[in-house]
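Derivation of every value follows stated rules applied to the coordinates shown; laboratory data play no part. Predicted, not measured: the structure shown is a model, and the values here were computed from it. Backbone-built Cβ (ideal geometry, glycine too); neighbour counts: all protein chains shown.
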Amino acid sequence: MSKIQLITFDLDDTFWDIKSTIINAEINSRKWSESRIGEKIDWGTFEDFMQIRSDLVKKDPTLQYDLGKLRRRVIAHHTKKYFQNTKDFNAFINDAYEYFLKERHKVTFYKDVIKVLEKLSLTFQLGVLTNGNADVNKLGIGHLFNFSISSMDVKSNKPDKGHFLRAREVSNIDFKHTLHVGDHPLNDILGARVLGINTLWFNLEKHDWDIDQSPPQQFSKWSEFISLVEENYGS
Ligand SMILES: [Mg+2]
């Protein structure tokens, strides 16, 4: 029997590029808001956007792991002045958020990701551990996973151990029989490694490992993944 029984995956920047996804979602959502309100909205600069987010999180730390609520608050910040009554305003915020979420799920999977997941799902339990708000069920790949854990579910972000502990709990599979795969050196690789979970680093841009003297096993193409698992963890 293979040593690995459960493989958990990060989503953003592991299965698809997140920056282009979010930029497109942001642009389309702004257009949508302006057309619904019927006015040009002053969205400010990117720095303003980041400042507003960080001010909101300072006021309400739960927004760190509740990206939906954070997104709603940011939309509200820019659009409140256009609404006289609360009911209309709340309805707008709900619709604007739903629109953003739909746009946010328009991802382009990296080559071979789906094929690899389909094959792995025949042998291993598969799980999702994400700090973001992508939902595999909205991407047509939910059936390939046994479970999916978001920051909202565990009220914390990786590299905190919340996601990893929950994965062990729902799968009933020990850390030593678990492999975690992700792009982020700290959130994914170090977060999993300190708990004794096996790791594979998805390193698309072939960055150096500058966290410590023990670089993890890594890959930059999904087509390499299955043979890498077999070489490292095969029976
Ligand atoms: Mg990631």
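Placing unit charges on each Cβ (+1 for Lys and Arg, -1 for Asp and Glu) gives the chain a dipole about its Cα centre, and among GLY191, TYR97, LEU6 the Cα reaching farthest toward its positive end belongs to TYR97. Grab the other residues whose beta carbon is less than 13 angstrom from that of ARG73, score K and R as +1, D and E as -1, and report the net. The answer is +4. Going by neighbour counts of Cβ atoms within 10 Å, the residues GLU205, GLU224, GLU169 line up, fewest first, as GLU205, GLU169, GLU224.
Looking at the range 1-91, the GluC sites (Glu not before Pro) that sit in a DSSP loop and have at most 16 other Cβ atoms within 10 Å of their own Cβ are GLU39. If you run the Gaussian network model on the chain, springs between alpha carbon atoms under 10 Å, then out of PHE89, PHE202, PHE100 the most flexible one is PHE89. Structural descriptor for the range 19-104: relative contact order 42 percent, calculated from alpha carbon pairs under 8 angstrom and at least 6 residues apart.
Net charge of the neighbourhood of LYS19, taken over other residues with C-beta under 10 Å away and scored Lys/Arg +1, Asp/Glu -1, is -3.
Specify the residue with the greatest mean-square fluctuation among VAL194, VAL181, VAL107, computed from a Gaussian network of the chain linking alpha-carbon atoms under 10 Å apart. Fluctuation is largest for VAL194.
FRET efficiency for the pair ASP60 and THR108, taken as 1/(1 + (r/R0)^6) with r the Cβ-Cβ distance and R0 = 35 Å, rounds to 0.60. Charging the Cβ of each Asp and Glu at -1 and of each Lys and Arg at +1, and nothing else, the dipole of the chain about its Cα centre rounds to 720 debye. Computed from label points 7 Å out along Cα-Cβ, the spacing between THR86 and ASP17 is 4.4 nm.
Charge dipole (Cα centre; +1 on Lys/Arg Cβ, -1 on Asp/Glu Cβ; no other charges) of the range 19-104 amounts to roughly 140 debye.
Residue farthest toward the positive end of the dipole of the chain, with Cβ of Lys/Arg at +1 and Asp/Glu at -1: which of SER148, SER214, PHE109? After comparing all options, I get SER148. For the chain, the Kirkwood radius over C-alpha pairs fed into Stokes-Einstein at 4 °C and 1.567 mPa s yields D = 67 µm² per second. Highest GNM mean-square fluctuation among HIS105, HIS180, HIS143, for the chain modelled with Cα contacts below 10 Å: HIS143. Entry note, the chain: the mean residue ellipticity at 222 nm calculated from DSSP H runs of n ≥ 4, each adding -39500 (n - 2.57), is -13000 deg cm²/dmol after division by the residues and rounding to the nearest 500. For the residue pairs LYS3/LYS119; LYS59/LYS155; LYS155/LYS221; LYS115/LYS138; LYS3/LYS115, the alpha carbons lie more than 24 Å apart in LYS155/LYS221.
Neighbours of LEU144, meaning other residues whose beta-carbon lies under 13 angstrom from its beta-carbon, give a summed charge of +1 when Lys and Arg score +1 and Asp and Glu score -1.
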